[in-house]
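Heads up, the thing below is written out as structure tokens.
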Amino acid sequence: VVVLGGIHHQQALHAAERVQGMMNRLAYCHNYSDVARFVTLSQGVFTFVPQGNEEIEWIYKQADHALYQAKLAGRNQYVSAESCAAI
């Protein structure tokens, strides 16, 4: 889990892109995988404007849902979600 404060959604996406690229360039062999030759990275990116009443569990669930979507879409990518206000 990575928490970035004080950034906009586009900046969070750029950070995820950079991390994704770094991981791909590492090309770390995954000798025990039937799925891929190299270790891959799936990321869930969630951004929101804090209102002061958000619970950590809610924030984590939003990011986890985006991560699950990345895995469902084929892994080795990031999926993002954005909220203007917490529920």
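Throughout, read-outs are computed from the coordinates displayed, never taken from laboratory work. Every value quoted in this text rests on a predicted model; they were computed, and no experiment measured them. Here the Cβ is made from the backbone with ideal geometry for all residues, glycine too, and neighbour counts use every protein chain on show.
Taking chymotrypsin sites (Phe, Trp or Tyr not before Pro) that fall in a DSSP loop and have at most 12 other Cβ atoms within 10 Å as cut points, what is the longest piece of the chain between them?
Answer from the scan: 33-87.
Got a sec? Charge dipole of region 9-83, +1 on Cβ for Lys and Arg, -1 for Asp and Glu; which of 56, 67, 36 is way out at the positive end?
36
Efficiency by 1/(1 + (r/R0)^6): what FRET value for residue 15 and residue 61, r their Cβ-Cβ distance, R0 = 22 Å, to the nearest 0.05?
According to the calculation, E is roughly 0.60.
Once both axes come from the Cα atoms, what is the angle between helix 9-26 and the longest principal axis of the chain, in degrees from 0 to 90, rounded to 10?
The angle comes out near 20 degrees.
Out of residues 5 or more away from residue 76 or on other chains, whose amide H comes under 5 Å of its own, with H placed 1.01 Å from N in the peptide plane?
So residue 76 has HN proximity to 41, 42.
With contacts defined as alpha carbon pairs under 8 Å and 6 or more residues apart, what's the relative contact order of the chain in percent? Display every interim value, and only then the final one.
On the way: 113 pairs, mean separation 27.2, N = 87.
For the chain, the relative contact order is 31 percent.
Mind checking the angle between helix 56-72 and the chain's longest principal axis? C-alpha axes, 0 to 90 degrees, to the nearest 10.
Relative to the chain, helix 56-72 is tipped by roughly 40 degrees.
So what's the gap between the Cα centers of region 45-76 and region 1-39, to the nearest angstrom?
16 Å
Summing -39500 (n - 2.57) over the DSSP H runs of n ≥ 4 in the chain and dividing by its residue number, what mean residue ellipticity at 222 nm do you reach, to the nearest 500 deg cm²/dmol?
Value at 222 nm, helices only, nearest 500: -13500 deg cm²/dmol.
Which of the trypsin sites (Lys or Arg not before Pro) across region 49-79 are loop residues per DSSP, with 13 or fewer other Cβ within 10 Å? Kindly include the intermediate steps, with their values, before the conclusion.
Working: sites: 61, 71, 75; in loops: 75.
Hits after loop and neighbour filter: 75.
Rg/Rh for the chain to two decimals, with Rh computed the Kirkwood way over all alpha-carbon pairs. It would help to have the intermediate numbers written out before the result.
Details: Rg = 14.4 Å, Rh = 14.0 Å.
My calculation of the ratio gives 1.03.
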